[in-house]
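I have placed the structure first, in the form of structure tokens, so that the comments after it can refer back to it.
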């Protein structure tokens, strides 16, 4: 019986420590870029859907998260990839998200291991069901997957639907 009491106290203390760690992490300020939008690519009229959850400390360190990309269209350019976030640079409503592709299929199948960036502008919630956010994926910055993102550039593609939320702490 005494062992059961010790076990219950140990489990209780461990659970409390885990909960306190989770609360401390939730309270710590983090920059972020999260959401999903759909755009039309200038390349063959493909529909492009980007989904991401990117987080970092306010100074850009300890970036983490995921990035997915899917294209569909009549020209056979259908493909998708998933990636892990390697850098996040946030200033106001603007974010640069760097990532390295882990898995890819279809037209994107040769991209595994490739590093790239996405420039995001959060312009608020959709207005009358029209998305107002912007993005520009693969703007040829020379990014190689490091922990420091390149400087933000104005994204040229307006979202058709969806929403990104950029948080600058």
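When the range 48-70 is filtered for residues that are within 11 Å of the chain's Cα centre (by Cα) and either farther than 9 Å from residue 88 by Cα or in a loop (DSSP other than H, G, I, E, B) (or both), the ones remaining, listed by number, are 50, 51, 52, 53, 63, 65, 66, 67, 68, 69. Just one of (1) at pLDDT below 95; (2) over 29 Å from residue 131 (Cβ atoms); (3) out of contact with any strand residue (DSSP E or B) (no Cβ under 8 Å at 6 or more places or on another chain) fails for residue 110. It is (3). Before we move on, is residue 142 out of contact with any strand residue (DSSP E or B) (no Cβ under 9 Å at 6 or more places or on another chain) and farther than 21 Å from residue 32 by Cβ? Yes; evaluated as a whole, the condition is true for this residue. Scanning the range 129-169 for residues that are over 16 Å from the mean Cα position of the chain (by Cα) and within 15 Å of residue 90 (Cα to Cα) yields 151, 153, 154, 169.
The values are calculated or read from the model by the stated rules, or taken from the named source; none is laboratory data. From a predicted model like this one, the values you see are computed outputs, not experimental measurements. Here Cβ is always computed from backbone atoms with ideal geometry, including for glycine, and neighbour counts include all displayed protein chains.
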